[in-house]
């Protein structure tokens, strides 16, 4: 445990050091070195805990009432800690390359300070054993990420995104403070270890937790900050935020559900419904986007939906006494947390390299980048296939666990469980198909074909500092995909603990999964072997035959140009128009008309429906009320003193009178 | 008998799905007619004792005659008179309607099993299918623009209630059933006449444009 | 075992479809073995690559065929055992087919052709809607038979199962037939023989492939058809005697029957308007959903 504490110390010290170094280029080296060293230190105890070591903790008294600096590692914390440390270190390495030659005059020292502060606070959040410490770390996390998002604060839209993020975070935190206050005051202690008895109105508290943590995780309809903040941040920050920071919401929900006693079936059904709607709406909105980072941000909403769906099945399993469903649901959810962290940070890094090389985020203007960015393209391809849940990569493994969990819940004895399972399977299939469509679009339109618009300068491949972290993440995608049983073994302890399963039941559930998983791995290896075999066959055949190069078949049209290619918007159009009632895409311009059509323009834009029709009216109303209160505030100091005196008197009378 | 009843109920579900996905008025009316025939047979299959009596047979005959023959005939004639072939631009699209239908089916299955009647139902499908049919009827009324399609929705809605009644059919006095049938008959008759007249006055039968009739607003808008 | 039969007979099925169509059109038609000849010929030819294309275009046919072949290993043929079977194998099958499609689509986009982009765009739309239909249809069979691996699911579809769960199995059959037609780009969803690139879906995506690459694609397409035909044959031919050769020949007959049915549908039906296709696919999912609910309802029966 001292290793975790020293990891925290290294993070903070290197952060302060780079803050002090400020503008010097050495600042980045110190900060990145700190992040990597902290990862090396912190991952050791966490891996030991995952491998079966007993949970450990360290407690230091703290002067804050109810608080104690009490951190500990159990299997659940360890998984999140490993993911947080690994992804943060890799993204820091990438970020050092990404910010190199960064044109803005702003000093990067503070940026790196907040970066390491974010990593440290996330580490404390997932290891905290004390509610007050948890909340403090949670708040540090929100604030440091706010400063990271607003790195390019010379742009107005970045500032706006930052404010939306800050407001959303704090409204969510308000729910959490309420939740922890209720739980703490009832137990008479803010130590997590003391929260053992079932609180009254556990269902209501569960909903409060779902809102508070769900807003951080980005469930629909509380996701509105996410597609704003992630594209605004620099790419390595987006990778950390989308890859791991939103997962602290999942961690919180998993942890707090454990404090609420035996779950009721309807909690699970609520999570299944929330997961399905987040998953489907997230991927649909992603399809309609043409800003590559915004598209990736909406995919985070989708993947959070899949994770919540797995959790929901797990809770249903607990409440119905179906331990196979419970263990597999939670395993799938946790493994998907890990997988999503891997491929989503990989994808954000790939998108970052594209943006850095071209200065363009609009997929409609890109194309043909595979030739100039071969490595970035290859690794973005792996990430795209993984997030589309295609075998033999890791995304498939976690979804497969949720799938077979759902199948195990499918029994004629429990019709309502079966309905939930059935809905889960059908929507996972739909989400998978839509995600594959979306990433065929994102990869195909960015990297394949011909450039759709002239670029200011020739794009240059990213340097090794940016490619190496991406390579590590790509290998992780393939490794989990090829060895799913081993990946399952890492998460199964945490899942069995969450599923409240006895060792016998847990072993039973694992047995249910182990045969299919080893079969999946066999097929994955067979697939690689077959690909190699067929490639060899093709080489042998072609070695004796002519291989010519020509133009793409133009269907008889004499002068095809690059602008005639399908764009990302036209590629997605059949699906977006099919789901028009949900997306409410705005179109501008129209089709050319007449015999000799003149110039015409056409553009589509899909703003967030929830932001515009749900939150905007509420906030406008709040602003209206706030405007009334404004008349109390006119800047004259003596009137303020009067307010203070009045407030004091009222309080005194209320208390004494 | 349970087997036959189940098959009839499954057919009823499928006909409802066809109603949700169909745009031609002719198809819709034909489907409602098929529903009428299915409903005519349902009480015969659903009779728990298995024995048939004259009351039941008479009811089946009346149902089949009115729901399967007379009402569809009237609607077909109305279609011919007002020269509207298909429902253009429903408020909710056909694919979405089908998905809503699936969700409605899941909901009605859930509710149907929760509602599990005190007496053993003829088929476990009966109550869910009845609820589903009612929901589909209401959905059609809510989301289609043409008055004729709404009449179809109304008929489907009534078919659902009828199905629900079948679960108690052997108890229920014949009189109640027949009076329900009569109600529908009169209702459709009146609606048919009204639709015809509206069409003659305004050249269209879009129900959502009827709101234009308020307070002397202009009715210049033709389709 | 089933996989070997499928791989051997797959190109023959395409010949059967073409013969069935020729019969309806009053023509003699091509030889039954035409697809074998085509593949053999293509394997002996050289290739032409567009200068726009990259390694993605070259990898497309290879990975697609490999994925389809892996998927074929998990398909049983009626009572004939699949090469491998485990609970939930049909999910892996569906996603392997997804991988094949993903690679085909990317290879199409790699050419930079507007037509191929259009085909790819339609393909992903239909695929996204077909996947739920496929899984729901298989689950409905599973919920009637109580097993979750394709082999065990289909091993018990005998006359008795049809008597007990006739409605469920019939609806699953119809949904699976719709999935078969759309996954294999057949009328009424797509027309394999159309002449206009604008109206193609699958064919337009592979316009630029030639030589051995095209041979891989053709073979992959026929194996894919054989896989779905095998599933349907397992449903419509409820012969499970336990005698290997009886089961195998019955299932094989079913396989050809499915091919004939596809040919007959192709001869009698017009192609759907492209806007109607999603609706039909949703209808197939809904049908499969109804089948599951009916299976559940029968299970809840007092």
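Readers should treat all values here as calculations from the given coordinates under stated rules, not as data from a laboratory. These numbers come from a predicted model, not from an experiment. All Cβ positions, even for glycine, are placed from backbone atoms using ideal geometry, and neighbour counts span all protein chains on display.
Brief remarks follow.
- Interatomic Cα distance distribution for region A:354-457, bins of 5 angstrom, percent: 3, 12, 18, 16, 12, 10, 9, 7, 6, 4, 2, 1, 0, 0
- Residue by residue along A:437-446, Cβ atoms of other protein chains within 10 Å of the local Cβ number 5 on average.
- Cα centroid of region C:232-302 to Cα centroid of region A:236-303, whole Å: 37
- Annotation: average projected area of region C:81-148 is 5.3 square nanometres, based on the convex hull of Cα atoms across all directions.
- Working from Cα pairs under 8 Å separated by at least six residues, relative contact order for region A:287-353 is 33 percent.
- Two-decimal ratio, the protein assembly as shown, of alpha-carbon radius of gyration to 2.2 N^0.38 Å: 0.98
- Taking Cα atoms only, the orientation of helix C:211-236 departs from the longest principal axis of chain C by about 20 degrees.
- Computed across region C:29-119, the Kirkwood hydrodynamic radius from all distinct Cα-Cα pairs reaches 15.6 Å.
- Translational diffusion of region C:2-297, µm² s⁻¹ [Kirkwood Rh, Cα pairs; Stokes-Einstein; 37 °C; 0.692 mPa s]: 170
- Relative contact order of chain C: 30 percent, from C-alpha pairs under 8 Å at least 6 residues apart in sequence.
- Theoretical ellipticity at 222 nm over chain A - DSSP helices of four or more residues, -39500 (n - 2.57) apiece, nearest 500: -23500 deg cm²/dmol
- With neighbours defined as other Cβ atoms within 10 Å of a residue's Cβ, the residues A:630, B:86, A:538 order from fewest to most as A:630, B:86, A:538.
- For chain A, averaging the sequence separation of C-alpha pairs within contact (under 8 Å, six or more residues apart) and dividing by the residue count gives a relative contact order of 12 percent.
- Under conditions of 10 °C and 1.306 mPa s, chain A yields 61 µm² s⁻¹ as its translational diffusion coefficient, taking Rh as the Kirkwood radius over Cα pairs in the Stokes-Einstein equation.
- C-alpha long axis of helix C:89-110 to longest principal axis of chain C, angle in °: 20
- Helix C:244-268 vs. chain C, principal-axis angle (Cα, 0 to 90°, nearest 10): 60
- Centre-to-centre separation between the Cα atoms of region A:406-435 and those of region C:87-106: 19 Å.
- Peptides ranked, highest mean first, by Cβ atoms within 10 Å: ranges B:66-75, A:383-392: A:383-392, B:66-75
- Tail fraction, Cα-Cα pairs, region A:235-316, threshold 15 Å, whole percent: 60
- Residue by residue along C:59-71, Cβ atoms of other protein chains within 10 Å of the local Cβ number 5 on average.
- Sorted by Cβ neighbour density within 10 Å, fewest at the top, the residues B:18, A:255, C:27: C:27, B:18, A:255
- Reduced Cα scattering model of region A:1-100, Debye log10 I(q)/I(0), q = 0.14, 0.17, 0.21, 0.22 Å⁻¹: -0.60, -0.80, -1.01, -1.06
- For region A:609-656, projected area of the alpha-carbon convex hull averaged over all directions, nm²: 5.0
- Of the three principal axes defined by the Cα atoms of region C:174-217, the extents in descending order read 37, 23, 12 Å.
- Each of C:130, A:593 has some number of other Cβ atoms within 10 Å of its Cβ, and from fewest to most they run A:593, C:130.
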